[in-house]
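Remarks on the structure that follows.
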Amino acid sequence: MDEPIASLRFNGNRYGLWQSVEIQMSVDDICAAVRLAIVGAGQGESLGLDVNTVADLLIGDTLVTTVRPDSVRRKVSGDRHGIAIEARSLGRELVDCQYSKTLSGLTLGEIVTRLCATFKVPVKIAAKTEAVPQFSMQCELPSNALINAVRAANLLLYPLPTGGLILTAPTDDPPVTTLEYGVNIAEYTIVDEFKLRFSEYVVKSFDYAADAPRRGAAKDDAFNFFRPMHIVADRYSHGIGGCERRALLERNRRQARAHRIELEVNEWRYVDGAGNPVPWQLNTQVRVIIPEEGIDEVLLIGDIGFSSDTRGGPGSGERAKLTVMPRNAFIGEPKKKSKRGAGVKKGAN
């Protein structure tokens, strides 16, 4: 594949040749983050970015995310001028703003749609959702309330290239490609982050309609000592999956995050079935083969980091970092003990 160029497009202009590019996105966050920087001769200018600017970030000619600028820094020294831009996708307003809202008798999808419409954030509802008896937040971050509700329903809410969001289930589609260490995986990191896990998870809530307390619990059997996490659930949680399921999902997500694989590949894109180069996407599955670790599994892409640095030195050049984990981490099923994926045949794509 030809090396793609990251460019920023706004106000009818397109700016490329960035010396440093960083793009981060995750199924656990509702906005993508972007950092761009360049240093050159001359005094330079601010490019015309302002508080109302909406810009497209492209890899090659493919839209990766749509952002608003968080900050623009210009540094001038002698005859050198540098500009550094930090930006996030349109869902950032749900992360930064504190807001109050009470909604009753709507489905989770309708609640997400209403809140996103308030902040002019496009949203796609791609999952069937249940009714929520009551949804209420007072001077809270909308992102926290939405993420808690979405997780209780075993769904995902994450950014799309349009800058908006999608509410959907973890994909069960076949893997889009195969990644193998020594072939197209440049390096890998296996992370065991024990501090993310707890011996037991207790979720408490109150069912106002039934005038009764609710409680759910799940244990992590790997522990031989007491390390609890007690969660006071939002008042609507008993209506979208129940405290028991939320406790199970909290345990399973933390188990998956605590033991994860981070892959570094030398391409920002993979070749799809039609032969087209496509940037890596969240909530897609890949087959991962690492013979040295006995790993041959189909795993879900949970985090993506694109980076490029043309200034030379260690880590320079185009890289993509993919954090992959089992799909069952997002659907309330216990983590499988085997490292090998069931039904995965050698040589399958």
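The values are calculated or read from the model by the stated rules, or taken from the named source; none is laboratory data. Everything quoted here is computed from the prediction, not taken from an experiment. Reconstructed Cβ throughout: ideal geometry from the backbone, glycine too, with neighbour counts over all protein chains shown.
Within the stretch 193-210, residues that are closer than 17 Å to Ser136 by Cβ sit with their Cβ atoms under 8 Å from residues that are at pLDDT 80 or above and small (Gly, Ala, Ser), at 6+ positions apart or across chains, in these pairs: Phe206/Ala212.
Could you pull out the residue among Arg235, Arg151, Arg227 that is modelled with pLDDT of 95 or more and outside the structural domain of Gly273 (by TED's automatic domain parsing)?
Arg227
Kindly indicate the residue of the stretch 187-213 that is of a type in the set (Asp, Glu) and either more than 26 Å from Arg227 (Cβ to Cβ) or surrounded by fewer than 16 Cβ atoms within 10 Å (Cβ to Cβ) (or both) and also modelled with the highest pLDDT among those meeting that condition. Steps first, answer last, please.
If we filter the stretch 187-213 for residues that are of a type in the set (Asp, Glu), which is where we start, we get 187, 192-193, 200, 207, 211.
Then drop every residue that is not either more than 26 Å from Arg227 (Cβ to Cβ) or surrounded by fewer than 16 Cβ atoms within 10 Å (Cβ to Cβ) (or both), which leaves 187, 192-193, 207, 211.
Details: Glu187: 96, Asp192: 91, Glu193: 93, Asp207: 75, Asp211: 79.
The extreme case among them is Glu187.
Quick check, is Arg151 touching a Cys at 6+ places or on another chain (Cβ under 6 Å) and either part of a loop (DSSP other than H, G, I, E, B) or crowded, with 21+ Cβ neighbours inside 10 Å (or both)? Judged against the criteria, Arg151 is not a match.
With respect to Asp50, is the statement that it is crowded, with 19+ Cβ neighbours inside 10 Å, assigned to a loop (DSSP other than H, G, I, E, B) and not assigned by TED's automatic domain parsing to the domain that holds Lys321 true? So Asp50 does not fit the description; no.
Residue check: Gly302 meets all listed conditions (1) modelled with pLDDT of 90 or more; (2) among the small types (Gly, Ala, Ser); (3) part of a loop (DSSP other than H, G, I, E, B) but one, namely (3).
When Glu193, Glu140, Glu200, Glu244 are checked against the criterion of being within 18 Å of Ile331 (Cα to Cα) and not basic (Lys, Arg), a single residue qualifies: Glu244. When Asn184, Asn224 are checked against the criterion of being touching a Ser or Thr at 6+ places or on another chain (Cβ under 9 Å), surrounded by 12 or more Cβ atoms within 10 Å (Cβ to Cβ) and polar (S, T, N, Q), Asn184 stands alone in meeting it.
When you check Ser100 against the structure, is it surrounded by fewer than 19 Cβ atoms within 10 Å (Cβ to Cβ) and not charged (D, E, K, R), yes or no?
Values: surrounded by fewer than 19 Cβ atoms within 10 Å (Cβ to Cβ): yes; not charged (D, E, K, R): yes.
Spelling it out, Ser100 is indeed surrounded by fewer than 19 Cβ atoms within 10 Å (Cβ to Cβ) and not charged (D, E, K, R).
Among the residues making up the stretch 120-137, those that are in a loop (DSSP other than H, G, I, E, B) and surrounded by 15 or more Cβ atoms within 10 Å (Cβ to Cβ) are Val121, Pro122, Ala127, Thr129.
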